[in-house]
Amino acid sequence: DGRVVFSSRSTGLPAEGENQALRVVDLDTGEWEELPGTGGYAGLKSSPDGRLLVAHEWDFSEPVHLFDWETHEWRDLELAGGWLLWSADGRSVYSSGAKGERPHAAGSYFRLDLDTGEIERVAEASNLADMTFYVSVDPDGRFIGQRALTTVDLHAWDVVLP
């Protein structure tokens, strides 16, 4: 839609007192603005239709934040920060952390249904134990990831949802 959203830092934790708010650049005018209240946000992912944006805290703590471009409001989700993914239909958000569980520690992925608020574990540590952080969900709901071996292999697996 002619906008680019980014955080002020691409790697590492922000220095103390540093302003690391999310910024939006209008590609037509070149003007930019900060999204209010986003200090410390990172890990941006836009929904497939571009209407929603999710972000987590720099330290991957709870909660994940959801921004709606129509209302210009943020709301917190019951997910812990982690590697965020969207379902193809934009109705679910996946995260490697859920509220009350340390992100990445379990090696699992959780799916939050935005319509119902229901959270479910959709991938177990045994299935993801040797996967790196480069994981994605294809349009059919299968996880695709890079295996952390001496050579690079790509794998896809089906997730059975109730």
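Before moving on, here are some points about what is shown:
- Considering each residue of segment 72-84 in turn, none proves to be modelled with pLDDT of 90 or more, open to solvent by less than 10 Å² (accessible area, probe 1.4 Å) and more than 21 Å from Ser108 (Cβ to Cβ).
- Only a single item in (1) closer than 17 Å to Val4 by Cβ; (2) touching a His at 6+ places or on another chain (Cβ under 9 Å) is not met by Lys45, and it is number (2).
- Enumeration of residues in segment 36-61 that are open to solvent by 60 Å² or more (accessible area, probe 1.4 Å), outside any loop (DSSP other than H, G, I, E, B) and among the charged types (D, E, K, R): Lys45
- Only listed residue being outside any loop (DSSP other than H, G, I, E, B), open to solvent by 50 Å² or more (accessible area, probe 1.4 Å) and either modelled with pLDDT under 80 or more than 26 Å from Val137 (Cα to Cα) (or both), chosen from Glu18, Glu33: Glu33
- Condition broken by Phe67, with the remaining ones in (1) at pLDDT 85 or above; (2) among the hydrophobic types (A, V, I, L, M, F, W, C); (3) within 11 Å of the chain's Cα centre (by Cα); (4) open to solvent by less than 10 Å² (accessible area, probe 1.4 Å) satisfied: (3)
- Residue within segment 88-102 that is open to solvent by less than 80 Å² (accessible area, probe 1.4 Å), in a strand (DSSP E or B) and modelled with pLDDT under 70 present: yes
The values are calculated or read from the model by the stated rules, or taken from the named source; none is laboratory data. Predicted model only: the values in this text are computed from it and were never measured. Backbone-built Cβ (ideal geometry, glycine too); neighbour counts: all protein chains shown. When the accessible area is computed, the model is the full protein with side chains, heavy atoms only, and any ligands, DNA or RNA have been set aside. Shrake-Rupley method; radii C 1.70, N 1.55, O 1.52, S 1.80 Å.
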